[in-house]
Amino acid sequence: MLDEALEAYVATAREVGNASSLHAAGRRARRRVEESREQVAAVLGARPSEVIFTGGGTESDNLAVKGIFWARRAAKPDRRRVVSSAVEHHAVLDAVDWLAQHEGAEVGWLPVDASGRLDPQALRAELAAHADQVAVVTAMWANNEVGTVQPVVELAAVAAEHGVPFHTDAIQAVGQVPVDFAASGVAALTVTGHKLGGPTGVGALLLARDVPATPLLHGGGQERDVRSGTLDTAGIVAFAVAVEAAVKGQQEYAARVAALRDDLIERVRQAVPEVIYNGDPTDRLPGNAHFSFPGCEGDALLLLLDAQGIACSTGSACSAGVAQPSHVLLAMGADDDRARSSLRFTLGHTSTQADIDALIAALPAAVDRARRAAALRTPR
Amino acid sequence: MRVLAAMSGGVDSAVAAARAVAAGHDVTGVHLALARNPQTYRTGARGCCTLEDSRDARRAADVIGIPFYVWDMADRFHEDVVDDFVAEYAAGRTPNPCLRCNEKIKFAAVLDRAVALGFDAVVTGHHARLGADGLLRRSVDLAKDQSYVLAVLTREQLDRSIFPLGDSTKAQVRAEAADRGLAVADKPDSHDICFIADGDTRGFLAGRLGEAPGDVVDASTGAVVGSHSGAYAYTVGQRRGLHLDRPAADGRPRYVLSITPKTNTVTVGPAEALEVSDVHALRPVWTGGARPDAPVECEVQLRAHGDVVPATVALDGDRLHAELRRPVRGVAAGQAVVVYRPDPAGDVVLGSATITG
């Protein structure tokens, strides 16, 4: 957590007060929440009333996808189509799947190209065929695995032409690339604290005033009657501090980290010439480098690099902890072996040139060993 | 050494991993995901495939302070252990899946992968002793001794194995787990076959092999004395669950003497017909010294937790023959004959082979 966010958290948490109470302490807490709302709105190009504080990214995604679907279907019962992409985070993917399984939703899945990029023309075709039935379109701003930044402004414009609300999960994007809610033309946008130096368990959904959403959580109606639950004043204050710092520092951060990242890519390619660099080479998160190492298994490489103090990530793991081939890579046309051979290196605020030197020193031997392990009858 | 600790989520493997750390090894914990569809919080029988077990293993690794990963061995386990288990029953034999899992998964697929990744050995929580002399011996806790299911391991496999618990009783292991702050200290032991959650082996086999009604035949008269819904569900020596229509002429209980998959027949007879003095077995493994040219005076054990019988064992190529000093009842093909040399410092495993008859 960012120092200033942590300090803001601790200072606020020391004060008592429920932001919904009418007494003086409650009013003080409410004031802190509203100041935070204005702070978040200001740096993300939204109006304060468009900021709905939530318990984090997963809740915001679920609220946007399910809430907008429910509200728009209620207004027009045959409007039960959801348009999404196969490379979404599970917080969106599984919410969409749930609507299909339990709420009779039809899903239009938009394809991605080999770099993981969505084509606005595909959305145009989808909406030309089904605009009347589409309740919501949801597509992420930037991919959490391969780092590809989507053409969100074009996609949102296509949706707007057809009068369909467009939600974007911008969890990976805020603080990494320029994000402006109003200028982007999206109807709803997810942001969360822990990806930008704020606390875990606090986030927001930016929701345009004219977009209806049925609540997931019913109760006191604290947040615009769309979200209930006593507000986490300290968390919200710290979140707002972190969002502001991330957005204000974005350009400088992106320039520094992208330079490191480009060096990492270059040197990984020299060290392991057969490596495949995944994702869009230019429209990409500055701190993301994603590779497939042919003949290796990502989880074996992870174990070997972890033992050398180098943290990296494979795709995701199932509930038992078993590594799964990345659905993002598979959607990009990779086969199972290539998907399983993939590894993501993420650079951030604390990354240094020395980190990259350490990786390059350890990588060739790790790749050799991982290859030997994979050459055995492959455990799956 | 750089060692890989196989952690099931139970108390034994957790303490084994902790002892490996205490012995100065560089330890990495690995939980083997063996079920294709791990279930949450399975009730009743405890095995090694539940999400709860995976979580318990991770928690133990955290407490011990070692890196922890989950390896997906589900496909290998299904091919080499579960499918083999079903095929063996279908062929009229009685397999021991724990033994097969040690032979094919823990000390083969896992060990091979570990070695390829730069590890020197695999550590497990088995109750058996493996000392500097390289000999595999029974645990000091004879009630928990697992040398029988480890006797299939070859010299190469044993040379890359560490069993830190062999000198301790189960009670000592539990006490140590509590001292070390491991939450699994009082976790119940697993007893059943881990991939048969409800313990209903017959039901599991029926689901895999289908119903196959056939006759139960009396060995002495050749008369049909009952029917069954699948010969594969029976084990030599079994008495209960035969549901015979007619009592034996002499009124004495009858036992399964043999299973003939070809004719789908279960043959029954009196207890004494079960008695066997000669045991024939295939594919011997010999790890207790040089492979003997001459017959060896020793003891044999013919099933897990079974009686130990004095015997003379001779090897001939791919065959092993054991001449028992006294007859034994209920020797089932598919089980292992494990050869021990009595020793005050712990009976030594000399070798093993798969019983054919």
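Quick note: the coordinates plus some simple rules give every number you see, no bench work behind them. Please read all numbers here as calculations on a predicted model, not as lab measurements. Note that we place each Cβ from the backbone using ideal geometry, even for glycine, and neighbour counts take in every protein chain shown.
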When the Cα centres of the stretch A:89-121 and the stretch A:132-175 are compared, how far apart do they sit, in Å?
11 Å
Taking a ≥ b ≥ c as the square roots of the Cα gyration tensor eigenvalues, with a/c under 1.5 meaning rounded and otherwise prolate when a/b beats b/c, else oblate, which class fits the stretch B:152-281?
prolate
Low-density loop positions, trypsin sites (Lys or Arg not before Pro), the stretch B:258-357 - DSSP coil, at most 12 other Cβ in 10 Å
B:Lys262
So if the hydrodynamic radius of the protein assembly as shown is defined as the Kirkwood radius over C-alpha pairs, what does Stokes-Einstein give as its diffusion coefficient at 25 °C and 0.890 mPa s, in µm² per second?
82 µm²/s
For the stretch A:3-248, average projected area of the Cα convex hull in nm²
12.4 nm²
Within chain A, percent of DSSP bridges classed antiparallel, to nearest 5
60 percent
Semi-axes of the equivalent ellipsoid for the stretch B:87-198, please: Cα gyration tensor eigenvalues, times 5, square-rooted, ordered largest first, whole Å.
23, 20, 15
Looking at chain B, identify the longest residue range that excludes and avoids all GluC sites (Glu not before Pro) in DSSP loops having at most 14 other Cβ atoms within 10 Å.
B:1-210
What is the antiparallel percent of DSSP beta bridges lying wholly in chain B, to the nearest 5?
70 percent
Suppose we keep just the DSSP beta bridges with both residues in the protein assembly as shown; what percent of those would be antiparallel, to 5?
65 percent
Two decimals, Cα atoms only, Kirkwood Rh: what is Rg/Rh over chain B?
0.99
What net charge do the residues around A:Glu274 carry, taking every other residue with its C-beta under 13 Å from that of A:Glu274, with Lys and Arg at +1 and Asp and Glu at -1?
+2
Within the stretch B:208-259, list the trypsin sites (Lys or Arg not before Pro) lying in a DSSP loop whose Cβ has at most 16 other Cβ atoms in a 10 Å radius.
B:Arg239, B:Arg240
How many angstrom separate the Cα center of the stretch B:105-151 from the Cα center of the stretch B:176-216?
22 Å
Lysines whose Cα lies under 29 Å from that of B:Lys262, excluding same-chain neighbours fewer than 8 positions away
B:Lys104
Over the whole of B:71-83, what's the average partner chain Cβ count within 10 Å per residue? Rounded to a whole number, please.
3
Distance cut-off 21 Å, percentage of C-alpha pairs in the stretch A:251-374 lying past it
36 percent
Please work out the ratio of the alpha-carbon Rg of the stretch A:31-112 to 2.2 N^0.38 Å and round it to two decimals.
1.30
